[in-house]
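Throughout, read-outs are computed from the coordinates displayed, never taken from laboratory work. Everything numeric in this text was worked out from a predicted model, so none of it was measured. Counting neighbours? That spans all protein chains shown, and the Cβs are built from the backbone with ideal geometry, glycine included.
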Amino acid sequence: MVSAGARGSTLDEVLAVLGAASRDEIAEFVSDVVERALADHSVTGREGTRKKINRWVSKATKDLITSILPQGSVRSDTALVLANAIYFKGRWSMPFAKDTETRRFPRLDGSHVRTPFMRSWKKQAVAEYDGFKVLKLAYQTHQQDG
């Protein structure tokens, strides 16, 4: 999808990332993937497809994200699921390890999970918006001087 709207150096970079020589090669690859996915979906069903996508996400993130599609999210009218998983793989410049404790965290569906909470008594950069807050945390860079 990205390659369809890309031009010039952006298209060159997209093709390089995907390891493709042209848009046609991408289209052929996507067609093969969709054909295999449809065949697999007819065997595993909606729930099997959902679980397979969640397993892929879990593996891609080394179990840091174990699920992105809740039960019932892949329905009979679902034609395509585009999934991507990213996570932060860095180190905070001031780690919270000694100030971390496990507590209950409420989910949007009303349920709760137990998860590590970071705590700090230092002054922090916090922005507050309608319904949520954002905390700015610095992380280590690759430079020697930090």
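Only lysine pairs 8 or more places apart or on separate chains count here, and in the chain those with Cα atoms under 23 Å apart total 15.
Helix 23-60 and the longest principal axis of the Cα set of the chain meet at an angle near 60°. Close amide-amide hydrogen proximity is noted between Trp92 and Gln140, each under 5 Å apart and 5 or more residues distant or on a separate chain (H modeled in the peptide plane; Pro and chain starts excluded).
Between Phe117 and Glu101, Thr102, Arg103, the built amide H atoms are under 5 Å apart, and every one of these is 5 or more places off in sequence or on another chain. In a fully extended conformation the segment linking Asp109 and Thr141 would gain 7.8 nm over its present Cα-Cα distance, using 0.36 nm per residue. When every Cα-Cα distance of the chain is counted in 10 angstrom steps from zero, the calculated P(r) takes the values 8, 21, 30, 23, 16, 1 percent. Computed 3J(HN,Hα) for region 121-136, one whole-Hz value per residue from the Karplus formula 6.51 cos²θ - 1.76 cosθ + 1.60 where θ = phi - 60°, is 9, 7, 5, 10, 8, 10, 10, 10, 10, 5, x, 7, 10, 10, 10, 8, glycine and proline marked x.
In the chain, the longest principal axis of the Cα atoms and the axis of helix 8-18 are about 90 degrees apart. Residues of region 51-87 with an amide N closer than 19 Å to a point placed 7 Å from the Cα of Ala20 along the Cα-to-Cβ direction: 80-85.
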